Every structure is written in structure tokens, then in C-alpha cells.
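Worksheet: one structure, shown below.
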Amino acid sequence: MNEFKLYQKTYDMILYGNQCLNQFPKSEKYALVAEIKRSMYALLRLIIEANKKYYKKTTAQQLDVELETLRTYIRLSADEQMRYLPIKKYEHWSKLLNEIGRMVGGWMKTMK
């Protein structure tokens, strides 16, 4: 049941993230935007994969790494020097990612 909540939170985060990415400049569509999208979809894929596997520990660790990668991309896009993402959207997106991170962390603790 908790895995479904994690899936749903990630799904909702992707929907929000795609709205934000539409506002990025054209020059970043094939660079940073593409990397952020790839990372969001990889996160969702890893959640689905972990839900289907019997041994989930390795996949959960990969999930944690992908989440941190995505956080870094989002932080980079909101950086003062880049300013592709307004601060309010960055704050909301970060809250969504932190909630997913707490769920992944809790999930990993139950596996130990």
C-alpha cells in the first residue's frame, strides 16, 4: 500500500515538473530539460521495478541515487545564475521531492 502512495506522489510530481519545464528557454530544451525529464521518468520506472521485485534493496538504492540527481538538476535550474525556474515553483517542486525522499528513506529502513 505504501508503494502505491510513493508511485502516486511521483506521478503527481512528474505532472507538476512537466508544467514547470514548459517555461524553460528553448536553448535548454535539449540539455537540462531533457536530463530532468529523463531523471523523473527513471525515478518512476525504478518505483515500478521495485514494486515488482522480490529483492528490492538494490533498486531502492538506485531510486535514492536518482532522486538525489533530480534534486540537483532542479536546484541547478533555480540557481541565481541560471534562473530558469522561479523561486516559488522551485520551493513547491522541492517540497514534492522531499516528501518522496522521506517515503523512499522510510521504505529503505523497513528493508534493513
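The values are calculated or read from the model by the stated rules, or taken from the named source; none is laboratory data. Bear in mind the structure is a predicted one, so any value in this text is a computation, not a measurement. We place every Cβ from the backbone using ideal geometry, glycine too, and count neighbours over all the protein chains shown. The protein model used for the area step is the full one, side chains on, heavy atoms only, and it has no ligands, DNA or RNA in it. Shrake-Rupley method; radii C 1.70, N 1.55, O 1.52, S 1.80 Å.
Numbers below:
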read-out: Leading residue by the ranking (nearest to Leu97 (Cα to Cα)) among those in region 12-65 that are without any contact (Cβ under 8 Å) to a residue 40 or more places away in the chain and of a type in the set (Asp, Glu); value: Glu35
read-out: Tally, over region 1-25, of residues that are closer than 21 Å to His92 by Cα and in a loop (DSSP other than H, G, I, E, B); value: 4
read-out: Among (1) within 19 Å of Leu96 (Cα to Cα); (2) of a type outside the set (A, V, I, L, M, F, W, C); (3) open to solvent by 70 Å² or more (accessible area, probe 1.4 Å); (4) without any contact (Cβ under 8 Å) to a residue 12 or more places away in the chain, the one test that Lys9 misses; value: (4)
read-out: Residues of region 8-23 that turn out to be over 23 Å from Thr59 (Cα atoms) and touching a Leu at 6+ places or on another chain (Cβ under 7 Å), as a count; value: 2
